[in-house]
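The values are calculated or read from the model by the stated rules, or taken from the named source; none is laboratory data. This structure is a prediction, so every number in the text was calculated from the model and none was measured. Virtual Cβ from ideal backbone geometry, glycine too; neighbours counted across all protein chains shown. Each accessible area value is taken on the protein alone, full model and side chains, heavy atoms only, with ligands, DNA and RNA left out. Shrake-Rupley method; radii C 1.70, N 1.55, O 1.52, S 1.80 Å.
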Amino acid sequence: MTTFFNKGKAIVIGGGMGGLMTARILSDHYDEVLIVEKDDFPSGPDVRSGTPQAFHPHRFTTRGKTITGRLFPGFEHDLVEQGTPSSLNKDVFFMNQHGSLEMKYDRNDLKFSRAVLEWVIRQRVKAIPNVRFLSKHNVIGLLTTPDRTAVTGVQVRGRDHSKHEEALTADLVIDTSGRSSKLSGWLKDLNYKVPEPDLLKVFLGYSTRRYKVPSHLTHLIDKWDVINLQGQPASGTYTGVFSFIEDQTAEVLLYRPGGKYPPTDAAEFELALEQLPSPIISEIVHDFDPITSPRGFRVPELYCHRYEQMSRWPAGLLVLGDAYCIYDPIFGQGMTVVAMAAEILEACLLERRGEDRFDWEQGVLRRIKEAIEPAFWLNCTADLRWEGVEYKGTDSNMGNAFSREYMELFLKQATSKPDWRLYGLYWGVNTLSISPRHIFNPQTAVQVLSSSDEGMRLLSMIKVEDERSVEAILEEMLPRFSETPFEQ
């Protein structure tokens, strides 16, 4: 039997993956949980109108899958019932500017569309007795105490012709409304001083096309997990990614930062596939049947709010997911960071056990930010290699050209040898399974840099007019992140 430590009501703004995971956590701690969503939920596993990014590829990393499996035991069985294929023992092919790697994928992960995943998780949340949904309503503001030191609910407005408004009270409000979040403006309206977010002017573009696999070619579903042809910043080529999802469907994505957007015209899209560094994707889909025209998605900038730095923050209010920070979707980290944030929220609620604690909300925000920082930094470091991408913010680590050069040499050594240990570390860090410290430590850096002429030149440059050991210098130069989010 569930024990409720925090009697009362919680409101979740937004019914996407972040909102669903948050509601699941809150359902163990509050008598009533209400999810307020601006969209009308589809009757089946279809894309919601308010999530234009949902048509494009989504995935869980191992970390995200593990957390989700704990919160929703057996959810993968539900995905299998929707026709999602497994990746176990299928071929994986990666190509970047340093070479290529091919291997068998040794984990039983499922490949799904965002619409199917969200449908499966939403059905699980709908089955929780103390959770209910209020769809087709916009949250237009926060309710507060007269002195504005605490949030006491939200003001909502119906999206039907009546535009009916209603005040909904709650003991805790959590904004998981994603890219459409109005939280920064609401806080400013309440006379809170809100820091400017860190911005990566990335001008990235996606185009995704789906294909039906003919019956005589379904053996390819049993052969391939994913093909990833990474774009090369030096030549400005597109990234191309191929994989399968449910219902014998293949999806192909073209991607690039820096303002050169991939085509959405069908003929131009197919031509761009042929011009990728390898013809492998174009050759596979040549005999597939297109289901859709290519659909585009544009992201002018990535943002990362600095809410945890605010000197004042209202009690009864939290934020997580894309409302706090967004990432370059090509790295597949967004849903995993949401799952990590939900797990942090759970831990903080258990520690509080219903007691009113001063500054509790700001403590939660700081801990969530510890999970956000590595993912946002890794995104920025990768995207800043592209011409036309610019960082605007307060994190001095983002301007660390040495770290970008080191990461490039790390990937080069891992790929070109290949060095499977290094590639495993690279994969583990980028999927948020292990701390970035596994790569960004003096011992590993010396090992990697000493293995090539380019690395040795980089080492010699940092030793100029500095009598300390190389390890001591590197300890200062390499980025450092909290270990706490990775202590499992």
Checklist entry - In segment 211-227, how many residues are touching a Phe, Trp or Tyr at 6+ places or on another chain (Cβ under 9 Å) and either open to solvent by less than 30 Å² (accessible area, probe 1.4 Å) or free of Cβ contacts under 8 Å to residues at least 24 places away in the same chain (or both)? => result 10
Checklist entry - Is it the case that segment 405-416 has a residue that's of a type in the set (Lys, Arg), in contact (Cβ under 8 Å) with a residue 40 or more places away in the chain and assigned to a loop (DSSP other than H, G, I, E, B)? => result no
Checklist outcome for this item: Among 236, 240, the single one that is open to solvent by less than 30 Å² (accessible area, probe 1.4 Å) and at positive phi is 236
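Only one of 429, 446 is part of a helix (DSSP H, G or I), under 27 Å from the mean Cα position of the chain (by Cα) and not charged (D, E, K, R). Can you tell me which?
That would be 429, the only listed residue that is part of a helix (DSSP H, G or I), under 27 Å from the mean Cα position of the chain (by Cα) and not charged (D, E, K, R).
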Item to check | Matching entry among 347, 382 (being part of a helix (DSSP H, G or I) and over 22 Å from residue 484 (Cα atoms)) | outcome: 382
Next on the checklist: Take the conditions crowded, with 17+ Cβ neighbours inside 10 Å, small (Gly, Ala, Ser), more than 17 Å from residue 244 (Cβ to Cβ) and in contact with a strand residue (DSSP E or B) (Cβ under 8 Å, 6 or more places away or on another chain) and apply them to residue 54. Does it pass?
Outcome noted: no
Checklist entry - Is one or more of the residues making up segment 210-220 closer than 15 Å to residue 296 by Cα and modelled with pLDDT of 95 or more? => result yes
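Report, by residue number, each residue of segment 126-159 that is assigned to a loop (DSSP other than H, G, I, E, B) and touching a residue at least 12 places away in the same chain (Cβ under 8 Å). Reasoning before the result, please.
Taking segment 126-159 and keeping what is assigned to a loop (DSSP other than H, G, I, E, B), we get 127-130, 135-136, 145-149, 159.
The answer is 128, 130, 135, 136, 148, 149, 159.
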Next on the checklist: Out of everything in segment 380-406 that is within 16 Å of residue 437 (Cα to Cα) and open to solvent by less than 10 Å² (accessible area, probe 1.4 Å), what residue ends up being modelled with the highest pLDDT?
Outcome noted: 406
Checklist entry - So which of 264, 208 is outside any loop (DSSP other than H, G, I, E, B), crowded, with 18+ Cβ neighbours inside 10 Å and either among the β-branched types (Val, Ile, Thr) or without any contact (Cβ under 8 Å) to a residue 12 or more places away in the chain (or both)? => result 208
Next on the checklist: Being open to solvent by 40 Å² or more (accessible area, probe 1.4 Å), under 29 Å from residue 487 (Cβ atoms) and at pLDDT 95 or above is true for just one of 88, 71. Which residue is that?
Outcome noted: 88
Checklist entry - Would you say residue 476 is over 24 Å from residue 305 (Cα atoms), touching a Pro at 6+ places or on another chain (Cβ under 8 Å) and either at pLDDT 90 or above or assigned to a helix (DSSP H, G or I) (or both)? => result no
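So that you can scan it fast, the table gives a plain yes or no per residue for (1) in contact with a helix residue (DSSP H, G or I) (Cβ under 9 Å, 6 or more places away or on another chain); (2) part of a loop (DSSP other than H, G, I, E, B); (3) buried (at least 20 other Cβ atoms within 10 Å of the Cβ); (4) touching a residue at least 60 places away in the same chain (Cβ under 8 Å):
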{"residue": "7", "(1), (2), (3), (4)": "no, yes, no, yes"}
{"residue": "34", "(1), (2), (3), (4)": "yes, no, yes, yes"}
{"residue": "47", "(1), (2), (3), (4)": "yes, yes, no, yes"}
{"residue": "58", "(1), (2), (3), (4)": "yes, yes, yes, yes"}
